[in-house]
1. Top to bottom by accessible area (1.4 Å), largest first, where do LEU115, LEU3 land?
2. With the cut-off at 31 Å, tell me which of the pairs LYS33/LYS98; LYS11/LYS80; LYS28/LYS98 have Cα atoms farther apart than that.
3. Could you report the chain's accessible area per residue, 1.4 Å probe, as an integer in Å²?
4. For segment 26-68 and segment 69-105, what is the separation of their C-alpha centers, rounded to whole Å?
5. Can you give the accessible area of LYS30, probe radius 1.4 Å, in Å² rounded to 10?
6. What order do LYS107, LYS33 take when sorted by accessible area (1.4 Å probe), most exposed first?
7. Please state the shape class of segment 39-93: rounded when a/c is under 1.5, otherwise prolate if a/b exceeds b/c and oblate if not, all from the C-alpha gyration tensor.
8. Let me know the shape class of the chain, please: from the alpha-carbon gyration tensor, a ≥ b ≥ c as square roots of the eigenvalues, rounded when a/c is under 1.5, otherwise prolate if a/b is greater than b/c, or oblate.
Amino acid sequence: MSLKHINANIKETERLVKDYTATRDALKLKPVKHTHACICGVVGSMLSISMMTLPKLDVLIFASIGGFAAGYAVPYVVRKINIGFYDYNIYVNNSIIKDLNKKRDKKITQKVKSLSN
């Protein structure tokens, strides 16, 4: 790979990191919609009630509250997973940039050595 291609790859990877960072920061600032959390909570409550095996009122209440709490947490978990996805891509692209910089430095030192001989 020539020095020109390495520099082009570094610039493009830096652009990707910049885009991922902007998207991640926008996602961090955007709050989870309360309606989405409530809908997931109701669905979780209905699922937990439908899986009940004992026909008792106290078990029904605990199942519905537990299902609602678990369902209500789903949008927040999905948001954290998306943020983690962007963090991982930023980390990987930064390591690619480091490797490309090492290759570029190695090529430059080889050129300097060949010119000095």
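1. Working: LEU115 145, LEU3 45 Å².
Reading off the accessible areas and sorting them downward yields LEU115, LEU3.
2. Numbers: LYS33/LYS98 38 Å; LYS11/LYS80 29 Å; LYS28/LYS98 26 Å.
Where the Cα-Cα span goes over 31 Å, the pairs concerned are LYS33/LYS98.
3. Numbers: 8780 Å² over 117 residues.
Accessible area per residue: 75 Å².
4. When both Cα centres are located, 29 Å separates them.
5. Around 130 Å² of this residue is reachable by solvent.
6. Values: LYS107 75, LYS33 115 Å².
Highest to lowest solvent-accessible surface, that is LYS33, LYS107.
7. Values: a/c = 4.92, a/b = 4.20, b/c = 1.17.
It comes out prolate by the Cα gyration axes.
8. Working: a/c = 7.31, a/b = 4.06, b/c = 1.80.
Prolate.
The values are calculated or read from the model by the stated rules, or taken from the named source; none is laboratory data. Just so it is clear, the structure is predicted and the values come from calculations on it, not from any experiment. Cβ sites come from the backbone with ideal geometry, for glycine too, and all protein chains shown count toward neighbours. Heads up: the accessible areas ignore ligands, DNA and RNA and are worked out on the full protein's heavy atoms, side chains in. Shrake-Rupley method; radii C 1.70, N 1.55, O 1.52, S 1.80 Å.
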